[in-house]
Each structure stands twice: as structure tokens, then as C-alpha cells.
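The values are calculated or read from the model by the stated rules, or taken from the named source; none is laboratory data. What you see is a predicted model, and the numbers here were worked out from it, not measured in a lab. FYI the Cβ positions are ideal-geometry reconstructions off the backbone, even for glycines, and counts take in every protein chain you see.
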Amino acid sequence: MNEKVAVYISRELYERVKKEVEESGGEFKDVSEYIEFVLEELLKEENEEAVYTKEEEEEIKRRLRALGYM
Amino acid sequence: MRKLLVIGLDAAPPRLLYEELVGELPTLGALIEEGARYQLKSCHPPITIPAWAVMTTGKTPGELGLYGFRHRKPGAYNEYWIASSRSIHFPQTWDILGRRGLRSVIVGVPPSYPPRPIRGYMISCFITPSNEVRFTWPPSLKRELKDYIFDVVFRTNERDKLIQELWRMTKRRFQVLRMLSRRKWDFFMFVEIGVDRVQHAFWGYMDKEHHKYEPGNKYEEVIKEYYKLIDEELEQLLKEVPKDAIIVLVSDHGAKRMKGAFCVNQWLADEGYLKLKEEPKKPGMELREVEVDWSQTTAWGWGGYYARIFINLKGREPHGYIDKRDYEAIRDQLIRDLERIRGPHGERWDTKAYRPEDLYQEVKGSPPDLIVYFDDLSWRSAGTLGWPTNYLRENDRGPDDAVHDWYGIYVVHDPQGTIEVGEKGIMKIECINDHLLELIGV
């Protein structure tokens, strides 16, 4: 998983992604991290990874109960 | 190819928008009067999740495998998972448009957390845990959304505070919508959840038929004032929208007065379907907090705007009691017993209990064994126990005034006049996705 391989993208796309990384305000370390995130999001299957942390899930359940959905 | 703006008002009913308030809302009123008007027939169940997902995929809840906000984890009595954007395995309207090179702005369409990469911009919906997480696409958009508000907590008796919070949330959302409307887009869709919240919290103050209604109460006009706020905000938003864009106004289901909450698990226990090892110690206890004799239990239920009934089937459940060969007979018996339930004064109810396969051609995921609407949705389902009666005048989760209803609104307004104006009959929620694509011209 952590082994990295090199892929090639056009310079123009690279520059666009780089701009997005700069504007993300520290959300992404670099272009590689951004591209890996986007591709993972696109290819993600349900239940592959939890959507919520345990605390977030408890909070969402509390809110949904309070809202009457359950 | 046409640009299209979809204004989503969660739970807006025809009664308010087409009849009672239309004359007092200049912007919404003009869209409605000069548009093609449909009664939108919601899905089973008519609830925010799955309804918006049905609308934006054209798939039924059975195909989506989405029957509400929560779903059982197979093999466990008390564990469930919460629906999220990742629960949707079909392309949504904006995905289809994105593949054709068209750009979308999507704000608050449930379930849209976590936000997925799209061609354009996305802000996730009210199931977003907090502003701390990544809730936009692209992630950099979040930096422009300081103080964005996803939702309010409406089951509070501090009504004045709730009004303030609702107004603040909606004004902030429209600020963001105006900002995004100036970007490049072909398809722009947002959902204002505040409509549902204001109706749940204040319906009893407005509706003269409601058991809580008192003439001249100080909150009588809150729902109307909230729609006026939306109207004013929309007027500003529409100034930013290209003049030739088609405008759609839509809700995912309707709303009506709540008559009460029916205690489904207490009833199942009364009828011998559910066996408890102990009496609940206090009112409002969850089923998981009470010791259940699963070795003798036939069925149990979940609360919400509708009841989900699960049969304790051998081979499927941890301590299954019902043999597979008896399953259909038990379901049939339950349907007969459920549909015979009468109201608190012995009045006849219009209760319907469905097998999922009666409602959907395809049934995926973890559906309940029965889907039940008490008195045509007028009574919500309470899953908690320990109450002195099976008929609660309030929701078991706290004060609530409204329930959902089958029909929402769907209005298509074309400023270029290509669409015939007037009453158009019924539009099924499953058909909206195709209709929107057709309007755009793809």
C-alpha cells in the first residue's frame, strides 16, 4: 500500500492540480497526495472504510434520533 | 442545451405552496403560477433518505437498498449503520452530466456526506458530522465557507432560539448559494432542510386541526414567515442566475399534522409477538435497554416516521425463533393484525403494512420484513417502551408537530416559455432524474 510508483500526467493538468493544492490551505501536502485522494474517492466501495469515526457516528445517531428519523 | 436550477425544499407540501401561501410569496408564487405544476408522488418510505437519492438516480429504494437513515447490520439485533453518500451505487444526475462535460453545483442534497469528486462544486448535507471535516468538493472550497450551518436541532422547547438558528442557517446558506451561482455551471441544485425543520417544530401552532393548536398563539405565523424568508432569499439568488435558465422547484415528500406516536414494540409485546424478560423500568426505554427473550420472540420493530418490523427468523437472526416454512404465514398474520389496529378512541385507522417485495421489483440491502404506515402516516412509530399507553400524543423523542405525507411539489418554470403552464397531474419521484436530463437536453 505504501510502496509508490511513478505515473505520468500532462504538465497542464499538473499545474492545475498544483494550484488546487495551494488553495486547499494545507489540506494536501502535495500533488501526489491530492491525486491519490481523488482516485481513491472515485474507486471507493461501500464499507471499505468507515465513513464516520466512532464519536462522529454517536453524534450523528443522537442528532437523527432528536430529529425524529429513528 | 439549457442551464437548470433546482430549488429543493425538503418536505414542502402542495397544501402550503400551491394553496395557502402562494399569494404571499411573490417570487415562489410567480414560479408556481407561471410554471408547469405537478403533485410529486414520493417513494416508499416518503423520507428524506431515501427520497432525494431516488429523485437524483431514478432508482427505487429497493434498487438503492436504502429504506431510511439507518439499516440493520446483518446478524445483530441492536446494531445498525447510517446511510451516507457511499451508500449510493448509481450515478446521480450530476454524475451523468459530468460525463458529458457539464458542470454542476450541488449543495445539501441528502445523503451527500462524504462529498465525492464531481465536475463542479459540492457541499455535503446535514449528515455532515461538523465543520471540522472535509465537506466540500473540491476540498479548497471549504475555505470560503466559514460559519456554514448544516442543520438545526429542532426538538427543543426553546422555540425562540430555534427561530433564530433557522433564520441564521438559511441566510448563510443563501449567501453561499449566491457566491456559487456566479461560478461556471450548467446544473445547480440545492436542498434547504430548514423547511422540514420549521414544519416539524411549528405545525401545531399553525394548523387549526392540530390537537396542540391554540388560536392567537405567538408562533402561529412562524412557518409562513419562514417561507417568506426563503422567498426573499430566492429573489436575490435569481438575480444572479442566467435569465434563460430553467427553474425547477421540488420537494421530496409532503407534510401534515401529526396525530401522535404509536408504540409499536409495546403493541407487539401486548399481542405476544415480542417477549420481554422484564418490565421496562421507566418510560421511553429503548428495546436494547430491556431484556428480551429472543428464544420466544416472533418479531420486533423500529420507530420513525414509519415502522419497520423484523421477524426473528431462524438461520438469519442470532437467536432465531421462526422457522423459514412459517415465515410467510407469520408475515400474513402480522399484516392482518397491524391493519386492524384502531385509534385511541376505537376509531378506524387507515394502516397499511407492506412486504418489501410488494413495493419494489428489486429488494437490495437490509430491508425490514414489513414496512408499516400507521393511519396513513398520521401516527408515527415509537420504538421505545415503558409507556402507560400505546398512544402518545407527542413523539417519544420529544415535541413534534408534523409527520410526512405522500405528495410533495414539482414545478418547472421556463422563462423562455417552451413549457406549457398549469396543472399537470402527478409526477413520480423516480421519474424526476430523467425529466431533469430531458429539460437540460442530454
- Item | Residues satisfying the stated conditions in the range B:190-241, i.e. free of Cβ contacts under 8 Å to residues at least 40 places away in the same chain, over 27 Å from B:G120 (Cα atoms) and over 23 Å from the mean Cα position of the chain (by Cα) | B:K208, B:Y213, B:E214, B:P215, B:G216, B:N217, B:K218, B:E220, B:E221
- Query: Would you pick out the residues in the range B:112-126 that are touching a residue at least 60 places away in the same chain (Cβ under 8 Å) and either under 17 Å from A:E57 (Cβ atoms) or assigned to a loop (DSSP other than H, G, I, E, B) (or both)?
  - Reply: B:C125, B:F126
- Task: Scan B:Y391, B:Y354 and give me the residue that is among the aromatic types (F, W, Y) and either out of contact with any strand residue (DSSP E or B) (no Cβ under 8 Å at 6 or more places or on another chain) or farther than 14 Å from B:N265 by Cα (or both).
- Result: B:Y354
- Item | Total residues in the range B:71-86, condition under 20 Å from B:P114 (Cα atoms) and aliphatic (A, V, I, L, M) | 2
- The residue that is farthest from the other protein chains (Cβ to nearest Cβ), considering only those in the range B:149-167 that are out of contact with any Gly (no Cβ under 8 Å at 6 or more places or on another chain) and charged (D, E, K, R), is B:D160
- Message: If I go through the range B:280-309 residue by residue, how many of them are out of contact with any Gly (no Cβ under 7 Å at 6 or more places or on another chain) and either assigned to a strand (DSSP E or B) or free of Cβ contacts under 8 Å to residues at least 40 places away in the same chain (or both)?
- Response: 10
- May I ask you to verify whether B:K184 is under 30 Å from B:M122 (Cα atoms), at pLDDT below 95 and of a type outside the set (D, E)? yes
- Query: Of the conditions (1) within 14 Å of another protein chain (Cβ to nearest Cβ); (2) charged (D, E, K, R); (3) within 28 Å of B:I223 (Cα to Cα); (4) touching a residue at least 24 places away in the same chain (Cβ under 8 Å), B:K146 fails just one. Which one is it?
  - Reply: (4)
- Return a yes/no flag: does the range B:65-80 have any residue that is closer than 27 Å to B:T170 by Cα, away from chain A (no Cβ under 14 Å) and not acidic (D, E). no
- State the number of residues belonging to the range B:264-279 that are at pLDDT below 95 and within 14 Å of B:W387 (Cβ to Cβ). 1
- Message: Looking at (1) modelled with pLDDT of 95 or more; (2) touching a strand residue (DSSP E or B) at 6+ places or on another chain (Cβ under 6 Å), which one does B:P117 not meet, given that it meets all the others?
- Response: (1)
- Only one of these conditions is not met by B:G75: (1) in contact with a helix residue (DSSP H, G or I) (Cβ under 6 Å, 6 or more places away or on another chain); (2) at pLDDT below 95. Which number is it? (1)
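Residues checked against (1) within 13 Å of B:V264 (Cα to Cα); (2) surrounded by fewer than 20 Cβ atoms within 10 Å (Cβ to Cβ); (3) within 25 Å of the chain's Cα centre (by Cα); (4) at pLDDT 95 or above:
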residue	(1), (2), (3), (4)
B:P318	no, yes, no, yes
B:A329	no, yes, no, yes
B:L338	yes, no, yes, yes
B:E347	no, yes, no, yes
B:A353	yes, no, yes, yes
B:K364	no, yes, yes, yes
B:F374	yes, no, yes, yes
B:W379	yes, no, yes, yes
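For every residue, the table says whether it meets (1) among the basic types (K, R); (2) within 14 Å of another protein chain (Cβ to nearest Cβ); (3) more than 24 Å from B:T48 (Cβ to Cβ).
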residue: B:R308; (1), (2), (3): yes, yes, no
residue: B:P318; (1), (2), (3): no, no, yes
residue: B:D326; (1), (2), (3): no, no, yes
residue: B:D337; (1), (2), (3): no, no, yes
residue: B:P344; (1), (2), (3): no, no, yes
residue: B:L359; (1), (2), (3): no, no, no
residue: B:P368; (1), (2), (3): no, yes, no
residue: B:D375; (1), (2), (3): no, no, no
- Message: Of everything in the range B:170-209, what is of a type in the set (F, W, Y) and buried (at least 22 other Cβ atoms within 10 Å of the Cβ)? Give them in sequence order.
- Response: B:W185, B:F187, B:F188, B:F190, B:F202, B:W203
- Message: Condition (residue is within 30 Å of B:L436 (Cα to Cα) and out of contact with any Asp or Glu (no Cβ under 9 Å at 6 or more places or on another chain)) applied to the range B:250-264: is it met by at least one residue?
- Response: yes
- Specify which of the listed residues (B:T170, B:T136) is away from chain A (no Cβ under 12 Å), polar (S, T, N, Q) and in contact with a helix residue (DSSP H, G or I) (Cβ under 6 Å, 6 or more places away or on another chain). B:T170
- Query: Would a scan of the range B:36-45 turn up a residue that is crowded, with 18+ Cβ neighbours inside 10 Å, at pLDDT 95 or above and within 11 Å of chain A (Cβ to nearest Cβ)?
  - Reply: yes
- Message: I need a count of the residues in the range B:116-125 that are touching an Asp or Glu at 6+ places or on another chain (Cβ under 9 Å) and more than 8 Å from every other protein chain (Cβ to nearest Cβ).
- Response: 4
- Task: Return a yes/no flag: does the range B:60-70 have any residue that is within 22 Å of B:V241 (Cβ to Cβ) and at pLDDT 95 or above.
- Result: no
- 2 or more residues more than 30 Å from A:K61 (Cα to Cα) and in contact with a Phe, Trp or Tyr (Cβ under 6 Å, 6 or more places away or on another chain): qualifying strands (runs of 3 or more DSSP E) within the range B:1-111: B:4-9, B:36-41
- Item | Lone qualifier among A:S10, A:S32 - being more than 10 Å from chain B (Cβ to nearest Cβ), exposed (fewer than 11 other Cβ atoms within 10 Å of the Cβ) and hydroxyl-bearing (S, T, Y) | A:S10
